[in-house]
Amino acid sequence: MSGAPDPVKGGRGQGGESALQPSLFDVEPARVPHESRLAAPPLFQAPPLTADAPLSPTRLPYQQYLQRTDRTRNTVTCFLSDLRLFVAGLGADRPVRSITFDDLDTWLKDMRRLPGTRRLASSAPEDVTPRPKTMERRRTFLKNYFGWLVQEGVLERDPAAQVLLKRPRSLPYDLLHEDEVQRLEAAASEEIRCQVLVKLLLEAGLKKEEVMGLRQRHVDLSDAAHPAIEIRFPHRALHWRERRIALSAEWGALYQRYLERYRPADQVFECTGRNLNYILSGAARRAGLQKEVNPQRLRDVFAVRLLRGGVASETVRTRLGLSEEAWYESYDKYRKMAFAV
């Protein structure tokens, strides 16, 4: 139609002149500046790591590597903190190919003078030096970090291969004896919530965070003779810690009484972690115990009972939901408590 406006030129303006209006869909390439037709470059593209790469740029790919593995969030955080200290100690621009075992040994010796991340003066007291477990974790970090560089083909030789992992000496720890556990259970029976909590910790060996994360949908009472709970974690990195734990029929019956008494909405124990400690300390006080009683102490009783019962070490580890690294630190303590070695 002759009166139809041109889709490109548009209609008449107020002054009677044609107002140019670009098409929304049909733009000719010739009208677009050459620079705008080029694909926008990425904001950041890390160069591939080589043996000549300095230490500093390895942090991001190493972090991505840790997050792809089954490391816990705490392990990732600790290893990255160790890497930061390592880079600060050897220099951010130090090429990875130039690092030797002597450098690693010197860095570990320097770390013994650190209380955490602040360097101490030479006159600092010895009691602020890192714990043996911290130093052992730093040795583990070195082996993991350089093992990753070798695995990625950045290095041909691993300078951390000679770093020896030393099992840290466990500090003396006074386990609850069986007669004390019996007194605690008798005192806990005076209040149904306390009784359910104490028996759960002794039969399942849960950590406090696992108790707090327990929901009613995680409790399986479909078979009254064989109740069970499932430990779940929302964070993907902790899925390897998920497990199903069988409990006694007695606990199942107590749990049903507890639900009738307290009627929790979602969580099994609708209280804070501090309140859990108050519940246990109250039972310990009624039992006349002089030792502190908390979820970790009852978890220790659970582990020691398994070892004394002849359960294999690897089975104990999986029932506790521990990584191999965490079990490496804990096994010596549990073995000594179980067999008084």
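Structure data summary
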read-out: With DNA, RNA and ligands ignored, accessible area of D179 (1.4 Å probe; Å², nearest 10); value: 80
read-out: Residues Q182 and Q256, FRET efficiency given R0 of 25 Å [Cβ-Cβ distance, rounded to 0.05]; value: 0.55
read-out: Gyration tensor (alpha-carbon) shape descriptor, region 181-317, a/c threshold 1.5; value: rounded
read-out: D332 versus R113: modelled label distance in nm, points set 7 Å from Cα along the beta carbon direction; value: 2.5
read-out: Theoretical FRET efficiency, 1/(1+(r/R0)^6), r = Cβ-Cβ of R243 and R97, R0 56 Å, to 0.05; value: 0.85
read-out: Paramagnetic reach from K291 in region 196-217 [backbone N under 15 Å; point 7 Å along Cα→Cβ]; value: 202
read-out: Computed FRET value (nearest 0.05) for C271 with H218, which takes r as the C-beta separation and R₀ as 30 Å; value: 0.95
read-out: Dimensions (Å) - region 48-103, Cα atoms, principal axes, largest first; value: 30, 24, 17
read-out: Computed over region 238-341, the ratio Rg/Rh where both radii use C-alpha atoms and Rh is Kirkwood; value: 1.00
read-out: √(5λ) per eigenvalue of the Cα gyration tensor, region 249-308, largest first, Å; value: 23, 17, 12
read-out: Per-residue ³J(HN,Hα) for region 276-291, Karplus 6.51 cos²θ - 1.76 cosθ + 1.60, θ = phi - 60°, Hz, x for Gly and Pro; value: 4, 5, 4, 4, 6, 5, x, 5, 5, 5, 5, 7, x, 7, 8, 8
read-out: Relative packing of peptides 253-264, 205-216 - highest average C-beta neighbours within 10 Å first; value: 205-216, 253-264
read-out: Accessible area, probe 1.4 Å, largest first, for residues H177, H226; value: H226, H177
read-out: Region 282-338: C-alpha gyration tensor shape, a/c 1.5 cut-off, then a/b vs b/c; value: prolate
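The values are calculated or read from the model by the stated rules, or taken from the named source; none is laboratory data. The structure presented is a predicted model; accordingly, all values stated were derived computationally and were not measured. FYI the Cβ positions are ideal-geometry reconstructions off the backbone, even for glycines, and counts take in every protein chain you see. Keep in mind that these areas ignore ligands, DNA and RNA; they rest on the heavy atoms of the full protein, side chains included. Shrake-Rupley method; radii C 1.70, N 1.55, O 1.52, S 1.80 Å.
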